[in-house]
Amino acid sequence: MDHFKVLIIGGAITGLTLAHCLEQAGIDYVLFEKHHDISANIGGAIGLQPNGCRILDQLGVWDRLKQFRNDIGDTVTHLPDGFISIYPSSWYQAMLGYPVTMINRTNLLGVLHTSLKYQDRIKVGAKAIAIRPSSTSNGRLSVLTEDGQHYHGDVVVGADGVHGITRAAMWQMADLEKRGVITDQERNSMTIDYACIIGITEPAAAVTQIMKPERLYGCDHPHAFWLVSPNTDHTIIWVVVTKLDKTYIHPVVPQWSKEETMARLDLLADYQLFRTIKFRDLWERTPSISSVPISPTYTETTTSLTESAQVMQSKLANLCAASYRTTRVHALETFTAWLLARYVMRIISKPVCFLNIKTMAAAVTLEYLPLPDRVIRASARRARAWRKWKTILRISCIVLVGIIGGGCLSFLW
Ligand SMILES: Cc1cc2nc3c(=O)[nH]c(=O)nc-3n(C[C@H](O)[C@H](O)[C@H](O)COP(=O)(O)OP(=O)(O)OC[C@H]3O[C@@H](n4cnc5c(N)ncnc54)[C@H](O)[C@@H]3O)c2cc1C
């Protein structure tokens, strides 16, 4: 497509993935990232779900991630009373062709960045400071960067995270068109209840003997829970999610100094993570940590949107609500949450896995790119598995009806 240009603000997972999508579609773009080194960006491990891996495969990125991935075979949950439950995740690989995998955020960003074809379209150290309607004929919008450069394009995509400038700029433009169209409810729709502290540890041998790669450990405690991902290179990435003192409304975000973060971690040091391992065993050997406020709540808004945007908004709202509920269950916020984590999850884990596979199989793919062979093979395996389960179900029903019918007949006789 000639002369059509997309301006992407933000060079992390969303922005770089979009850049790949545009390159594959032959659409011109410029990407702005405020940091000078994209892959030196901070963070811990990112969990990729099979449907996300499928998109990366379509984009030709998946195989390049192989050496950095920690594919999850089992998810292990540990509760404060010592209860341990193991949920196998290997079904995902078999049924969808891709695993649930953990990958160091910097490695993921590095591969996404370096595998782009047009490196000159990536502007690093370029902080976008304003988005305006363009006064030239080079496109409908312009992005102004901190160094005074103007870039013109037809579409601006905000991939600048929850604290980025794009949302504010959209609100400002919408307000100019029709005053009050963005309601106070929408402006205050993002709330923050939890903070997430992330670290990468080189643990003692005693820890690596107990916590194994290919397992993702979830350790639930009241108002705090951990995700611990041991890597094949003997490092361990840990994430602790803790409840904040109150609900904050974006953009008021609690910022902790290094000392405050350390003090919070110190309070959590004696929490048991798994068997004999305490959190102290990990964080005392962690050279650097980062903390990010997380905002799982998002209230559905009533602003008039196009039909497709409404569908997307509704999906996002459902996703945020589900993520908020999951966070509350893992942080054992209520007695019901504890019951769910302790008893119910164990019973429903297989049907949930089944439903997840169904949802992920039907999730979005890039329609303009061919599906990789492993998707086609997995789809055939799924069809065979469904047929097998249907046959088992039918035979079980016939046997059950036979037993009940036989019982009734012998009773009547
Ligand atoms: C520092 C950090 C660490 C994280 N660590 C983890 C983790 O360990 N595990 C996990 O599961 N999730 C983590 N997340 C969250 C996760 O990365 C995001 O939720 C998710 O991947 C969404 O990615 P994104 O690309 O949309 O936005 P983000 O990851 O938030 O990235 C936004 C990008 O936009 C850039 N940017 C912002 N404003 C401007 C601007 N004005 N001009 C130019 N560039 C701009 C930022 O520098 C950043 O690179 C982290 C997020 C951040 C910001």
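The values are calculated or read from the model by the stated rules, or taken from the named source; none is laboratory data. Treat the numbers as computed from the prediction; the structure is a model and nothing was measured. Cβ placement follows ideal geometry from the backbone for every residue including glycine, while neighbour counts extend to all protein chains displayed.
Just to be sure before I move on: is N107 assigned to a strand (DSSP E or B), within 15 Å of the ligand (Cβ to nearest atom) and touching a residue at least 40 places away in the same chain (Cβ under 8 Å) in the structure I sent?
No: the conditions fail for N107.
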### Task
Kindly provide the set of residues from the stretch 87-104 that are assigned to a strand (DSSP E or B), buried (at least 20 other Cβ atoms within 10 Å of the Cβ) and not β-branched (V, I, T), ordered by number.
M102, N104
### Task
Name the one entry in T166, T183, T201 that is more than 30 Å from K278 (Cβ to Cβ), over 21 Å from the mean Cα position of the chain (by Cα) and polar (S, T, N, Q).
T183
#### Entry: Number of positions in the stretch 52-61 that are more than 15 Å from the ligand (Cβ to nearest atom) and in a helix (DSSP H, G or I)
3
### Query
L371 passes all but one of (1) under 27 Å from S85 (Cα atoms); (2) surrounded by 11 or more Cβ atoms within 10 Å (Cβ to Cβ); which number fails?
(1)
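Do you know which of the residues in the stretch 110-127 that are in a strand (DSSP E or B) and not charged (D, E, K, R) is nearest to the ligand (Cβ to nearest atom)? Give the derivation first.
Narrowing the stretch 110-127 to residues in a strand (DSSP E or B): 122-124.
Those left that are additionally not charged (D, E, K, R): 122, 124.
Values: I122: 11, V124: 9 Å.
Only one residue tops the list, namely V124.
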#### Entry: Index of the failed condition, A168 passing every other in (1) in contact (Cβ under 8 Å) with a residue 40 or more places away in the chain; (2) within 14 Å of the ligand (Cβ to nearest atom)
(1)
### Extreme residue, nearest to H223 (Cα to Cα), among residues of the stretch 339-348 that are surrounded by 15 or more Cβ atoms within 10 Å (Cβ to Cβ) and under 24 Å from the mean Cα position of the chain (by Cα)
A341
### Query
Within the group D160, D154, which residue is among the acidic types (D, E), surrounded by 15 or more Cβ atoms within 10 Å (Cβ to Cβ) and near the ligand (Cβ under 9 Å from one of its atoms)?
D160
### Candidate set from the stretch 188-215 (those that are assigned to a helix (DSSP H, G or I) and touching a strand residue (DSSP E or B) at 6+ places or on another chain (Cβ under 9 Å)); member that is farthest from I294 (Cα to Cα)
A206
### Task
Note down all Cβ pairs under 8 Å where the first residue falls in the stretch 175-194 and is without any contact (Cβ under 8 Å) to a residue 40 or more places away in the chain, the second is aliphatic (A, V, I, L, M), and they're at least six residues apart or on different chains.
D175/V181; D175/I182
### Message
Please verify whether A363 is farther than 17 Å from H78 by Cα and without any contact (Cβ under 8 Å) to a residue 40 or more places away in the chain, treating the condition exactly as stated.
### Response
no
### Message
Taking the conditions exactly as written (of a type outside the set (S, T, N, Q), modelled with pLDDT of 95 or more and not in a loop (DSSP other than H, G, I, E, B)), does L144 satisfy them or not?
### Response
yes
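Among the residues of the stretch 116-125, is any over 28 Å from D57 (Cα atoms) and either within 26 Å of the chain's Cα centre (by Cα) or surrounded by 15 or more Cβ atoms within 10 Å (Cβ to Cβ) (or both)?
The answer is yes, given that some residue of the stretch 116-125 is over 28 Å from D57 (Cα atoms) and either within 26 Å of the chain's Cα centre (by Cα) or surrounded by 15 or more Cβ atoms within 10 Å (Cβ to Cβ) (or both).
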### So G10, is it within 16 Å of the ligand (Cβ to nearest atom) and more than 27 Å from H234 (Cα to Cα)
yes
### Query
If only one of A94, A45, A40 is within 16 Å of the ligand (Cβ to nearest atom), farther than 16 Å from G161 by Cβ and either touching a Lys or Arg at 6+ places or on another chain (Cβ under 8 Å) or of a type in the set (D, E) (or both), which one is it?
A45
### Query
Considering the stretch 155-174 alone, what residues qualify as being over 16 Å from P251 (Cβ atoms) and at pLDDT 90 or above?
V155, V156, V157, A159
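Might you let me know whether the stretch 67-86 holds any residue that is within 16 Å of the ligand (Cβ to nearest atom), touching a helix residue (DSSP H, G or I) at 6+ places or on another chain (Cβ under 6 Å) and not in a strand (DSSP E or B)?
Within the stretch 67-86, one or more residues are within 16 Å of the ligand (Cβ to nearest atom), touching a helix residue (DSSP H, G or I) at 6+ places or on another chain (Cβ under 6 Å) and not in a strand (DSSP E or B).
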### Query
Is one or more of the residues making up the stretch 131-143 away from the ligand (no atom under 16 Å from the Cβ), free of Cβ contacts under 8 Å to residues at least 12 places away in the same chain, surrounded by fewer than 19 Cβ atoms within 10 Å (Cβ to Cβ) and small (G, A, S)?
yes
